[in-house]
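The values are calculated or read from the model by the stated rules, or taken from the named source; none is laboratory data. From a predicted model like this one, the values you see are computed outputs, not experimental measurements. When we count neighbours, we look across all protein chains shown, and the Cβ atoms used for this are built from the backbone with ideal geometry, even at glycine. Only protein heavy atoms, including side chains, enter the accessible area calculation; ligands, DNA and RNA are left aside. Shrake-Rupley method; radii C 1.70, N 1.55, O 1.52, S 1.80 Å.
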Amino acid sequence: MKAPLSWIREHVDLPADVTLDALTWRLTMLGLKLEGVASPADDITGPLVLGRVLTREPEPQKNGKTISWCTVDVGEANGTGDPQGIVCGAHNFVEGDLVVVCLPGAVLPGGFAISARKTYGHVSAGMICSASELGLPDDAFGGADGIIVLPADAGAPGDDAFPVLGLGDAVIELEINPDRAYALSVRGIAREAALGFGAPYADPAARRVPAPNDAGHPVVVDDPAGCPVFVARTVTGFRADAPTPDWMARRLTQAGMRPISLGVDITNYVMLELGQPLHGYDRDKLTGAIRVRRATAGEQITTLDGQRRTLDVEDLLITDGSGPIGIAGTMGGETTELSGTTTNVVIESAHFDAVTVFRSGRRHKLPSEASKRFERGVDPELPQAAADRAVELMVELGGATDDAGVTVVGQAPQRRVVTIPADLPARISGLEIDAATVTAHLTAVGCDVTADGERLAVVAPSWRPDVTDPYDLVEEVVRVVGYDQVPSVLPTTPPGHGWTPVQRLRRRVGLTLAGAGWTETISYPFVGEDDWDRLGLPADDPRRTTLRMANPLNNEEPILTTTLLPGLLKALARNVGRANADVALFEHSLVCRPTGNERAPILGVETRPSAEEWATIEKAVPSQPMHLAVAVTGQRARAGWWGAGREGGWADAIGAVRDVARALGVEVEVRADAVAPWHPGRCAAVRIGERVIGHAGELHPSVCRAYGVPARTAVAEVDLDALLEQAQQVVPGPTFSSYPVAKEDVALVVDAAVPAAAVEAALREGAGELLESIRLFDVYTGPQVGEGRKSLAYALRFRAPDRTLTEAETAAAREAAVAVAAERTGAVQRA
Amino acid sequence: MSGPNSEYDPVEVTSLKSEEVTAMRDAALAAIAGARDLEHLKQVRLDHVGDRSPLALANREIGALPPQARKDAGQRIGQARGRVSQALAERQAVLEVEHEERMLVEETVDVTLPTDRRPVGARHPITSFSERIADVFVAMGWDVAEGPWVEAEWLNFDALNMGADHPARTMQDTFWLEPADAALVLRTHTSPVQARTMLTREPPIHVICPGRVFRTDEIDATHSPVFHQVEGLVVDRGITMAHLKGTLDHMTQALFGEGISTRFRPSYFPFTEPSAEMDMVCFVCRGSGRVDEALCRTCRGEGWIELGGCGVVNPRVLIACGIDPEVYSGFAFGFGIDRMLMFRHGVADLRDVFEGDVRFAQPFGVEI
Ligand SMILES: [Zn+2]
């Protein structure tokens, strides 16, 4: 809400020493947050005066333009009293017009300094100003076609132009929260200013209004719930084509509205002043009585913006004999709008149900100044005063005659009574506030307070429909005391549990990977159908079962992702594109795996949901496991003076998963697999027992191409929740032997297709309890072992807990290990 | 080769003569003294002490002497050999020291060579900063609560006193999920976690909820459809706005240093009443608005930095979550983690947080 300070001061008698800063800060601390202050005069320095055009000689120029050589009476403002000679390029004025003159020495917005200068063969001593040259809206003061031409009575030549133009009148813009709709009016802002400084306040809505009678325009309200109050006033002989006075046009402009025509401007002006939206109808275009009712199915209206709209049965309508003539509180219709030929006006000043207006506004995407106020809550006791104020202005400014008929249908609802314990504001705020102070402050904001023992019965003011609950009154009291008065006290907290085990382990995962040279990223979880194709997912892949957003930001990416790989690959490509060839990324984030049962109930709020209701909520929220993914390209060990580097690849992706599993104390098993988006020969399934928790390996070449990442990029993705579930919470302390170790190396030749893990498992099993460790230290393929075969060399270490092993014992264990490997995997000891 | 010969019985053996032994000894000593290095000394040892050395050979001749002469000769040889051994040991020690000294010089490397053999990793600063913030509260005895991103509309809105027709709903530009009757949203704030907590735990409740949230904001330097919030919730007997202020003051001091306190301005949120906006003293200019005579860039000269919203939990929220407002009261607060990261660390562009360029995360290391 924007309002000029002069308008606010009209209704509150602020002490002279209240500065603009003090006022705006006080309003902010009362809940009307300052957005900004605009003061158009800030960058103008005078002299800027009124002048009367004495002579105007058009002089055609060679360039085809015509300029006017003028003499202008600027009174004594130029120090001589002589007419000022000025060249002017505009054409929208005649001799005798009152204009705005900028004399030499003035500086206009943009640092534009005015001096006497020779131009078009004359010495032009100043400038006749247009609105835009003064930093005002182009169309202010009817200045759209050229210079400003003021009404003849706006002042005398030589007068300071600042107050006439409203320059120097600061316009404050306040952010009005939904609970303070009353402050969407000068009436409300002035009231808060008065509250803030204890200053006298003159309520512009406090006016004597004529009593209702039956002589007014007939109105029938079929839906009193949607329209509790409807006031209709009529005027005759209104001169719709009369100009809107400058003071009104200026204020409308300052408040951010465009002056349109006198009739419309008056209704808008009253809305800004009082907060009551009004609507004017051309009475001669109305067909019979006005009727307020809900729409019927399929009914249509053409609204003021020229749009043909099909109405919903929930829409509340203003109708006459011809059908709909307006959507209540939202926008009027075309057929009955005020025009330049209107002479008889019906002024509608009604109160409409907030929810009804809110829904219509949303349904028809029709936000308006009126609906903004109605949906937040307008003072239901305002309609008569507002209508009367509009009548007054139409009489005064449009030469209209006030009609005797006054229609009032319905009445404002009873003011609400909220009862609170007198100590509630103190108990909730932590401030010391006694009952007398509570009463005084509530009274100051407009409540009627009656003490009833320890309790206060509080009648909320009519303009505060938001005040419904005891805590609303607490806020009112505390904001008057001052939020800055609230003391700072730490609450006593019982001992907590600290981070949960899962939260701690997640931190460990991040630290483990970061320590191993991986860098964490955060990606948007939005993907498109296209991503599944790029990943090469088969049609029945469960990752294609997704939830979609109804209103995605980007229509190409409406899907909530089921895998972290698209985001990670895009980040990888971005890094490579920025000339970083060696990248190792990881991300842990939720993915969304819907089950198809995603239908959440909207429960009540009057009580806690029952166990069954809560279960329906939990069932409807899709499964969102936390995944962990890594992606690597380029060198994983750097080249340098120490020697060559090492390219990252499938083994690093699998290694990352193994590192994490080890850090968590989880035993994972790796087996060959072939799923998208991995290279079918370089894809590992990672398992905990029988459960596959993810995959790792090298990306399929076509996926690398599709995402624009380097060939041989390797990735892994696992269900981190599944890993964390199995994490070892308490590590058993190890026992180890201090007897000598016996080392044995074994080289086994097996078929190339035999997994090393199978050979190792067989060796372990065969070696028995004396085996301390086993490590594969070499893999050889080549002519010495034959086509389709490979040699695996293992270092075995044996140790007993209670004795030094004899050579015979060690040899026996070794032979047993080899024997089992031979039996299980066809391994043959290499000679 | 010669050895003891009982049948042969000469009266004297030349090599065992006193002057001969002395000569052999002296020769050995001279050779030892002349050994240049450990390798040379090894050869000297072989030549003068080894099995084939003159002294060793002479020693073997002792047996050939008549018994009465053996003692003298034995003593002579023994002394000579003892002397040589000692000299050898001494020389060995000297040469070893010399050798090590030389090696220490010869093995000198350029210690300024780069040592970055292993690539550097990092956690994302949002992750570590979220933890850092939560740690402040964990240290006070609070628990850390989490919830899903795809959330029931009822939990994201209705339970928080934002019914279907509440104007505040339109202020939070919500991602809705299909189909229309799914009544699911991408959570617009972390507040549904508070509702979940109240629905599943008994007071006293002290929880801090960091997490990712979603709104339909186009991406620019200060907006992102995905961002992070942290919210705090306390529900207990006798909780007041003063406790809220005390808690926030503690937090800003823990994160920004001594003396960095907060202030409240009245505001509106459906889930709190009274509601407040909270500002913190600018930690750069410490409230003065100026740094070295110039306008402080962190707070744009305001002296204060807007943090977020807070207030006393609206009793309607307590009721919807099954907590008796006649017995309990609570406070809640929330603010943006990304925004705080940006002003705390001078990050200029929010897009950097989500683009995955490793140059963004790496300077932050693993902890903030
Ligand atoms: Zn600052």
**Item:** DSSP loop trypsin sites (Lys or Arg not before Pro) with at most 10 other Cβ within 10 Å: longest gap in chain A
**Value:** A:366-831
**Message:** Compute accessible area for the range A:516-545 by itself and then with all protein chains, 1.4 Å probe, and report residues whose area falls by 30 Å² or more.
**Reply:** A:Gly517, A:Thr519, A:Glu520, A:Ile522, A:Tyr524, A:Pro525, A:Phe526
**Prompt:** How many Cβ atoms of partner chains, on average, are near each residue of A:588-599 if near means within 10 Å of its Cβ?
**Reply:** 3
**Message:** Quick check: pseudo-label points 7 Å beyond the Cα along Cα→Cβ at A:Ala753 and A:Glu454, how many nm apart are they?
**Reply:** 8.6
**Asked** To the nearest 10 degrees, how steeply does helix A:354-363 sit against the main Cα axis of chain A, on a 0 to 90 scale?
**Response** 70
**Prompt:** Under the classification rounded if a/c is under 1.5, otherwise prolate if a/b is larger than b/c and oblate if not, where does the range A:417-485 fall, given a ≥ b ≥ c as square roots of the Cα gyration tensor eigenvalues?
**Reply:** oblate
**Message:** Relative contact order of the range A:501-726, please, whole-number percent, based on alpha carbon pairs below 8 angstrom and at least 6 residues apart.
**Reply:** 21
**Prompt:** So how exposed is B:Ile305, as accessible area in Å² (1.4 Å probe, rounded to 10)?
**Reply:** 10
**Message:** Can you compute the modelled spin-label distance between A:Thr80 and A:Glu10, with each label point 7 Å from Cα toward Cβ, in nm?
**Reply:** 4.1
**Prompt:** Which percent of Cα pairs goes in each bin when the distances of the protein assembly as shown are cut into 10 angstrom slices starting at zero?
**Reply:** 2, 7, 12, 14, 14, 13, 10, 8, 5, 4, 3, 3, 2, 1, 1, 0, 0, 0
**Prompt:** What is the dipole size for the range A:341-380, taken about its Cα centre, with +1 at each Lys and Arg Cβ and -1 at each Asp and Glu Cβ, in debye to the nearest 20?
**Reply:** 320
**Asked** Taking the Cα centre of the range A:742-829 as origin and charging only Cβ (+1 Lys, Arg; -1 Asp, Glu), how large is the dipole, in debye to the nearest 20?
**Response** 180
**Asked** Around A:Arg52, with a cut-off of 11 angstrom between Cβ atoms, what is the net charge of the other residues, counting Lys and Arg +1 and Asp and Glu -1?
**Response** -4
**Request:** Quantify how strongly other chains surround peptide A:172-181 by giving the mean number of their Cβ atoms within 10 Å of each of its Cβ atoms.
**Result:** 3
**Message:** Given the -39500 (n - 2.57) contribution per DSSP H run of 4+ residues, what per-residue ellipticity at 222 nm results for chain B, rounded to the nearest 500 deg cm²/dmol?
**Reply:** -12500 deg cm²/dmol
**Item:** 1.4 Å probe accessible area per residue over the protein assembly as shown, in Å²
**Value:** 44
**Prompt:** Short version: ³J(HN,Hα) in whole Hz for each residue of the range A:539-546, in order, from phi by Karplus 6.51 cos²θ - 1.76 cosθ + 1.60 (θ = phi - 60°), x for Gly and Pro, what are they?
**Reply:** 4, 9, 5, x, 5, 8, 8, 9
**Request:** Work out which residues of the range A:312-355 lose at minimum 10 square angstrom of accessible surface when the other protein chains are put back, relative to the chain isolated, with a 1.4 angstrom probe, and list them by number.
**Result:** A:Val355
**Asked** So in the range A:501-726, what percent of DSSP beta bridges are antiparallel if you round to the nearest 5?
**Response** 95
**Prompt:** With a sphere of radius 14 Å drawn around the Cβ of B:Gln43, what net charge do the other residues whose Cβ falls strictly inside it have (Lys, Arg +1; Asp, Glu -1)?
**Reply:** +2
**Fill in**
When B and A pair up, the total accessible heavy-atom area removed from solvent (1.4 Å probe), in Å² to nearest 100, is 9000
**Request:** Working with all protein chains in place, sort A:Val509, A:Val828 by solvent-accessible area computed with a 1.4 Å probe, largest first.
**Result:** A:Val828, A:Val509
**Complete:** Heavy-atom accessible area of B:Phe364, protein chains in place, probe 1.4 angstrom, given in Å² to nearest 10, is 40
**With Cα atoms, 0 to 90° folded angle of helix A:611-620 axis to chain A main axis** = 80
**Prompt:** So for the range A:742-829, what percent of the C-alpha to C-alpha distances run longer than 15 Å?
**Reply:** 54
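Can you sort A:Thr244, B:Thr22 by 1.4 Å-probe accessible area, starting with the largest?
B:Thr22, A:Thr244
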**Item:** Label-reachable residues, the range A:249-266, where backbone N falls under 19 Å from a point 7 Å from A:Ser339's Cα toward its Cβ
**Value:** A:260-265
**Request:** Express in nm, to one decimal, how much length is gained between A:Phe736 and A:Ala297 on full extension, taking 0.36 nm for each residue of separation and deducting their alpha carbon distance.
**Result:** 149.6 nm
**Prompt:** Quick one: with all protein chains in place, what share of the accessible area of the protein assembly as shown is carbon or sulfur, to the nearest percent (1.4 Å probe)?
**Reply:** 51
**Request:** Compare the Cα positions of A:Ser429, A:Val527, A:Gly321 along the charge dipole of the protein assembly as shown (+1 at Cβ of Lys, Arg; -1 at Cβ of Asp, Glu; about the Cα centre) and return the one farthest towards the positive end.
**Result:** A:Val527
**Request:** Within 10 Å of each Cβ in peptide B:237-250, how many partner chain Cβ atoms are there on average? Round it to a whole number, please.
**Result:** 6
**Asked** Looking at the square roots a ≥ b ≥ c of the eigenvalues of the Cα gyration tensor of the range B:257-309, which shape do they give, rounded for a/c under 1.5, prolate if a/b is larger than b/c, or oblate?
**Response** prolate
**Request:** Would you work out which of A:Thr439, A:Ala696, B:Asn161 lies farthest towards the positive end of the dipole of the protein assembly as shown, given +1 charges on the beta-carbon of Lys and Arg and -1 on that of Asp and Glu, about the Cα centre?
**Result:** A:Ala696
**Prompt:** Counting Lys and Arg as +1 and Asp and Glu as -1, each charge on the Cβ, what is the dipole of the range A:380-440 about the Cα centre in debye, to the nearest 20?
**Reply:** 340
**Spin-label model distance (nm) - A:Ala225 vs A:Arg797, 7 Å beyond Cα toward Cβ** = 8.2
**Prompt:** Which Cα, out of A:Gln729, A:Ala297, A:Leu564, lies furthest along the positive dipole direction of chain A (beta carbon charges, K/R +1, D/E -1)?
**Reply:** A:Gln729
**Whole-angstrom gap from the range B:216-267 to the range A:147-186, using each part's C-alpha centre** = 38
**Request:** Leaving ligands, DNA and RNA out of it, work out the accessible area of B:Phe335 with a 1.4 Å probe and give it in Å² to the nearest 10.
**Result:** 10
**Asked** Using the alpha-carbon atoms, what tilt in degrees (0 to 90, nearest 10) does helix B:67-106 show relative to the longest principal axis of chain B?
**Response** 30
**Request:** Count the DSSP beta bridges whose two residues both fall in chain A, then state the antiparallel fraction as a percent rounded to the nearest 5.
**Result:** 95
**Prompt:** Under a Cβ-Cβ cut-off of 12 Å, what is the net charge of the residues other than B:Ala164 that fall near it, where Lys and Arg count +1 and Asp and Glu count -1?
**Reply:** 0
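With the cut-off at 1.5 for a/c, could you classify the range A:165-266 from its C-alpha gyration tensor as rounded, prolate or oblate? Don't jump to the answer; show the numbers that get you there.
Details: a/c = 1.97, a/b = 1.27, b/c = 1.55.
In terms of gyration-tensor shape, oblate.
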